[in-house]
Amino acid sequence: MKITDLNVDNISDYDEILDEDIAESIGREFYCGIAASEEGEPASGAVIWEYRNLDDDAGASAELMYINAGTKEDADALLTEFSEQASAGNVTDVFFETAKLSDDAAAVFEGHDFRLRSDESRDIVVSVSELSKLAAMVKKIPDNIEGLDGIKEVQFMQGVTNCIFNGKKGLMEDLEYIEKDWFAEELSCCVITDKKLSGLFLIHRFPSGTLMPVLLTAIGPDARKDILYMICYSAKKVLSSYPADTKVIVRRHNDSVKALAKKLFPDRSGETVILGEKDSK
Amino acid sequence: MFNVCVMQLTPIIILTSLILKDEHLRKKDTPEAGKVFLIAVIGIMIGLVYLMSGLCKFTALYSVVPTVLKEEPYAYLTWGCIGEILAAWAIIEWNLFVEYAIFRSSDYEAKKSRLFKIYGIAVACGFVIVYLLAVRFLGAGLNLISFLGVFMFVFFAIGIYFMIRSVVVVRLSRKTRQAPSFLRLDGFIIPIALTYLLSFLSIILQEWDARSLGIAIAVVLTWRSVTNRYKYVDPYTGFFNRNFLQSMNDYMEKSGYPNGIGVLFKAPGTGDRLVHVLDSFKPADSEIFSFGDGEFLLMAGPQKESVIKLLINGVKLTASEEGDIQEIETEYAIRNADETAEEFTARLIKLSEGE
């Protein structure tokens, strides 16, 4: 079995086994990927993961963002290679969430010390049409809420620096490396207080057209109100620019987002998925 | 009458001489000076109002009130109501001062100030309208006295509410690390609370009101804490100086001060331009120390090297685009795991001295 590291130069060769949305991640700072193939055959499996907390002395972690391993041989080869690369990066914890996993692949994961269970996904998927209630929550958006397309690159850098210094990165482990145009600038917005960016709501548009908020934070005495205004601003923009059936993925990655999602979408819950965890303890 | 004059003229003299002696207060050239000046002026107005209120009992010095209220106790109570509105206003302005001292956000303070002004104008207009209606329809008598008495107590309670609110705001803000604000709550609250207590008794006993004296003492003590801060802070830029860094070093660890990284920026001869650039880029929860001649040290909590580089690149880009500064020297240091906060600060000071 041949294992190939995925990179920006060869990623287009693996269109058939990679989802276009995840393929876009290759090239990002903490994303790595490998593909498995028999000699002379097209690739039959791939794994893409993201490293987290690489500077943490207690040990880094990794999340398997994409798993495509239909056969036992594919899964075994991919996991073996992943484990070697992860150990070199001092990774102690690994986890993943996937919609489906074949029995063969599941057995291989368990053989590699993963604990598997079925549970609710952290993601809830809503359509653009469901955002109309959000957009109506506030009648008048204050003047200090601006679209990302209306601010300069240097202002964006200041806003991102402000967020990172205050420990706010959202889903973006590599926020300091990402350019402004990676985000959907016409949908994303910011709060300007005392001529500085004190809040950001960043939304990414995947190649498939799916939208995903990746950072929502505000710093300052009016932070809660600012967050509400930013959500309403972006909701209005999305409603006016995208078809009603466009999907929006809300990833409930921490307690604050879970609480907010429960308030905004009380009737929505995640699909049942397979969760896998492995730690060195 | 002599007691009334002394009680009310003393704070007027104290506040007037404070304003005349202090250049910052006279020019109102810093945000704190503007706010304390306003509170001082309100204190002077309160002194004048209570002077009139007290003199009502002794002479026929009624001027602006309608005919029926030129008699005791109506004139006294009318001036008393005006005094209560002014006292509440002083405490509301002090609330705004407290919030500015904590959050250092002009936009936020301006928003709150606008809101309070709208309510204040609405209440003042409401008072005038209701007062004139009460005079017209209730006329002289116990009903009018009761109305004026209730009105005074309402504003008395508003003053107490905003005093308590300021304590709550400060306590809530301490849950997250805040830069030392040199804010002395006790410097304002203790004299005001004592005089409120005396005033409460005076309302019942119909004796003199010491509120304006309390406000005068409170303003003097508050302004003193502001000027103490100026020993360590440039009043115009808000940046701390080297004296502060050296004197804070003994308390670094206990203070919870941001002490994970230090970034030095040097651009000699750029005057105020680098100040504006750094001020516009400074992340929240970081502090900038001005060492003079275009040299500044930014300190913040622990960050990765990639983030420090983002900060440096951002400052340089802002400096070239908006400050017309093409060259800035930078150096940075990251605190080691086994280094104490004091050792790290000492290392940063040596870094700035070129060692």
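Summarise the long-distance tail of P(r) for the stretch A:125-251 by giving the % of C-alpha pairs beyond 27 Å. Spell out each step's value before the answer.
Details: 967 of 8001 pairs.
For the stretch A:125-251, the share of Cα pairs beyond 27 Å comes to 12 percent.
Please state, as a whole number in µm²/s, the translational diffusion coefficient that the Stokes-Einstein equation yields for chain A at 4 °C and 1.567 mPa s, with Rh defined as the Kirkwood radius across alpha carbon pairs.
Numbers: Rh = 20.2 Å.
Stokes-Einstein gives a translational diffusion coefficient of 64 µm²/s.
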For B:Lys231, counting only lysines whose alpha-carbon sits under 20 Å away and dropping same-chain residues fewer than eight positions off, the answer is B:Lys21, B:Lys27, B:Lys28, B:Lys35
Can you bin every Cα-Cα distance in the stretch B:240-352 into 10 Å intervals starting at zero and give me the percent of pairs per bin, rounded to whole numbers? 14, 50, 30, 6, 0
In nanometres, what is the gap between the two model label sites at A:Asp5 and A:Ser132, each 7 Å from Cα along Cα-to-Cβ? 5.1 nm
Summed over the other residues with a beta carbon less than 10 angstrom from that of B:Leu317, with K and R at +1 and D and E at -1, the charge totals -1
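To the nearest µm²/s, what D does Stokes-Einstein give for the protein assembly as shown at 10 °C and 1.306 mPa s, using the Kirkwood radius over alpha carbon pairs as Rh?
Details: Rh = 29.2 Å.
D, rounded to a whole number, is 54 µm²/s.
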Tell me, what is a quarter of the convex hull surface for the C-alpha atoms of the stretch A:1-149, in nm² with one decimal? 13.0 nm²
For a test of understanding, tell me how many lysine pairs in the stretch B:240-352 have Cα atoms under 18 Å apart, given they are 8 or more places apart or on different chains. 7
Over all residues in A:149-162, what is the mean tally of Cβ atoms on other chains that come within 10 Å of each residue's Cβ? 5
Need one value for B:313-322: mean number of C-beta atoms belonging to other chains within 10 Å of its residues' C-beta atoms. 4
Under 5 Å, built H, 5+ apart or other chain: amide partners of A:Gly45: A:Ala36
Arrange the peptides B:329-340, A:76-87 so that the one whose residues have, on average, the most other Cβ atoms within 10 Å appears first. A:76-87, B:329-340
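Kindly put B:His276, A:His253, A:His204 in sequence by how many other C-beta atoms sit within 10 Å of each C-beta, fewest to most. Before the final figure, lay out each step's value.
Numbers: B:His276 16, A:His253 13, A:His204 21.
Lowest to highest Cβ neighbour count: A:His253, B:His276, A:His204.
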Per the stretch B:77-130, sqrt(5λ) over the Cα gyration tensor eigenvalues, sorted largest first, in Å, gives 26, 13, 4
For the stretch B:119-127, in residue order, the Karplus 3J(HN,Hα) values (coefficients 6.51, -1.76, 1.60; θ = phi - 60°; whole Hz; Gly and Pro = x) are 5, x, 5, 4, 5, 4, 5, x, 4
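Per residue of B:274-284, count partner chain C-beta atoms within 10 Å of its C-beta, then hand back the mean as an integer. Don't skip to the end; give the middle numbers.
Values: counts 0, 0, 0, 0, 0, 3, 6, 7, 5, 11, 9.
Partner Cβ neighbours, averaged per residue: 4.
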Would you kindly calculate the translational diffusion coefficient of the stretch A:1-78, applying Stokes-Einstein with the Kirkwood radius from alpha carbon pairs, for 25 °C and a viscosity of 0.890 mPa s, and quote it in µm² s⁻¹ without decimals? 189 µm²/s
Cβ neighbours within 10 Å, averaged per peptide: list B:154-160, A:191-197 in order, most packed at the top. A:191-197, B:154-160
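For chain A, what does -39500 (n - 2.57) per DSSP helix run (n ≥ 4), summed and divided by total residues, give at 222 nm, in deg cm²/dmol to the nearest 500? Show your work: numbers first, answer last.
On the way: 7 runs with 76 residues, N = 281.
Calculated at 222 nm, the ellipticity per residue is -8000 deg cm²/dmol.
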Please give the Cα centre distance for the stretch A:55-70 versus the stretch B:102-136, rounded to the nearest Å. 57 Å
How big is the stretch A:209-281 by Rg and Dmax over its Cα atoms, in Å? 15.3, 50
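No value in this document is a laboratory result; all are computed from the given coordinates. Remember, predicted model here, so these are calculated numbers, not experimental data. Virtual Cβ from ideal backbone geometry, glycine too; neighbours counted across all protein chains shown.
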